[in-house]
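Here, each number is a calculation from the coordinates, and none is a lab measurement. The structure presented is a predicted model; accordingly, all values stated were derived computationally and were not measured. Positions of Cβ are generated from backbone atoms using ideal geometry, with glycine treated the same way; all protein chains shown enter the neighbour counts.
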Amino acid sequence: MTQLIAGNWKMNGTLDANVALLGALAAGLGPQTPAQVAVCIPAPYWAQFRVLAAQHPGLKAVALGAQDVSAHASGAYTGELSAAMLKDFGCRYAIVGHSERRQYHGETDAVVAAKAQQALAHGMTPIVCLGETLEQREAGQTFEVVKRQLAAVIHINGHCINEIVVAYEPIWAIGTGKTASIEQAQEVHARLREQLKAASAQAERIKILYGGSMNAGNAAGLLAQADIDGGLIGGASLKAADFLAIIGAAR
Ligand code: PEP
């Protein structure tokens, strides 16, 4: 399947810096790339992205993504952004359940599942993040933790899970420079694939991305694994050359 390389800018960017970063990305990408590419950028810059995408042919193939979406459709939820709003701005993807949201904003498995449901209901692809802490890995709980996190999403989304993207992101590897080894990553991906297969006859087409300090040097090895269908890239997506190198390593 075509791999997906999605950048997660987190809370980074300025109007000027975005022009430089997206311009460099556009210059390095042809109008067509073998991989699918997305950038999940802060909401205030979605309109700017649309303007730049109209100017740069190299951004034509780059999809826009959000870093979060509300679990609610609309109403008195100050500060939240609904799936309908994301859709209005042309978002194709919405990251849900990133470990930073689970950790700093207390998002539970049920909330993450409801967020995925909102994205799906509005025709967007939720990128559902899962992953264990270092403590959980050392206690031998990795499979149990990611299974529980994914089960919550499968439970309320039923057959719609064919439309999700899963991102396995071991928390201890995010922003730390410590990448899961190729074997560690593939092992978890294979287990997640089994779980998806038990829930859907079309599980083979559900992308499972790896995230956690993926960079220009380690991307090729990770992306060559049978069950690794792309990457969710944090820090390295803020440097055009690094992000382009990762895209170049994808199939
Ligand atoms: C992320 O935050 O999704 C991520 C993978 O970050 P990094 O690549 O910086 O580890």
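Looking at the chain as a GNM with Cα springs under 10 Å, which of Val51, Val188, Val165 has the largest mean-square fluctuation?
Among Val51, Val188, Val165, the largest mean-square fluctuation in the Gaussian network model of the chain belongs to Val51.
Over all alpha-carbon pairs of region 23-103, lay out the pair-distance distribution in 5 Å bins, whole %, shortest bin first.
3, 15, 23, 22, 16, 11, 7, 3, 0
For a quick check of your reading of the filter: which chymotrypsin sites (Phe, Trp or Tyr not before Pro) in region 71-147 sit in a DSSP loop and have no more than 16 other Cβ atoms within 10 Å?
Answer by residue number: Tyr77, Phe89.
Between Ala226 and Met1, what length comes free when the chain is fully extended (0.36 nm per residue of separation minus the Cα-Cα distance, one decimal in nm)?
Gain on extension, Ala226 to Met1, equals 80.0 nm.
What number do you get for region 61-113 when its Cα radius of gyration is normalised by 2.2 N^0.38 Å, N = residues? Each step should come with its number before you reach the end.
On the way: Rg = 11.6 Å, N = 53, 2.2 N^0.38 = 9.9 Å.
The reported ratio for this selection is 1.16.
Relative contact order for the chain: what is it in percent, counting Cα pairs under 8 Å that are at least 6 residues apart?
21 percent
Normalise the Cα radius of gyration of the chain by 2.2 N^0.38 Å (N = residues in it) and let me know the number.
Relative to the 2.2 N^0.38 Å estimate, the chain comes out at 0.94.
Where in region 163-195 does the label zone of Glu204 land, with the point 7 angstrom along Cα→C-beta and an amide N cut-off under 12 Å?
Counting backbone N atoms under 12 Å from the label point, the list is empty.
So for region 144-236, taking the charge dipole from beta-carbon charges (+1 Lys/Arg, -1 Asp/Glu), which of Ala199, Gly231, Ala185 sits furthest toward the positive end?
Checking the options against the dipole of region 144-236, the answer is Ala199.
Amide H to amide H under 5 Å from Val96: which residues, 5+ apart in sequence or cross-chain, H placed 1.01 Å off N in plane?
It is Ile127, Val128, Cys129, by chain and number.
At 222 nm, what value in deg cm²/dmol follows for the chain if DSSP H runs of at least 4 each add -39500 (n - 2.57) and the sum is divided by all its residues, to the nearest 500?
Numbers: 10 runs with 103 residues, N = 251.
Computed mean residue ellipticity for the chain: -12000 deg cm²/dmol.
GNM on the chain, C-alpha springs below 10 Å: top fluctuator among Ala54, Ala167, Ala66?
Among Ala54, Ala167, Ala66, the largest mean-square fluctuation in the Gaussian network model of the chain belongs to Ala54.
Could you go through region 99-106 in sequence order and give the Karplus-derived ³J(HN,Hα) for each residue, using 6.51 cos²θ - 1.76 cosθ + 1.60 with θ = phi - 60°, rounded to whole Hz, and x for Gly and Pro?
Computed from phi, the couplings for region 99-106 are 4, 5, 6, 5, 6, 8, 10, x Hz.
Let's test this: bin the Cα-Cα distances of region 180-251 at 5 Å from zero up to the farthest pair and state each bin's percent.
Result returned by the calculation: 3, 18, 27, 21, 15, 9, 5, 1.
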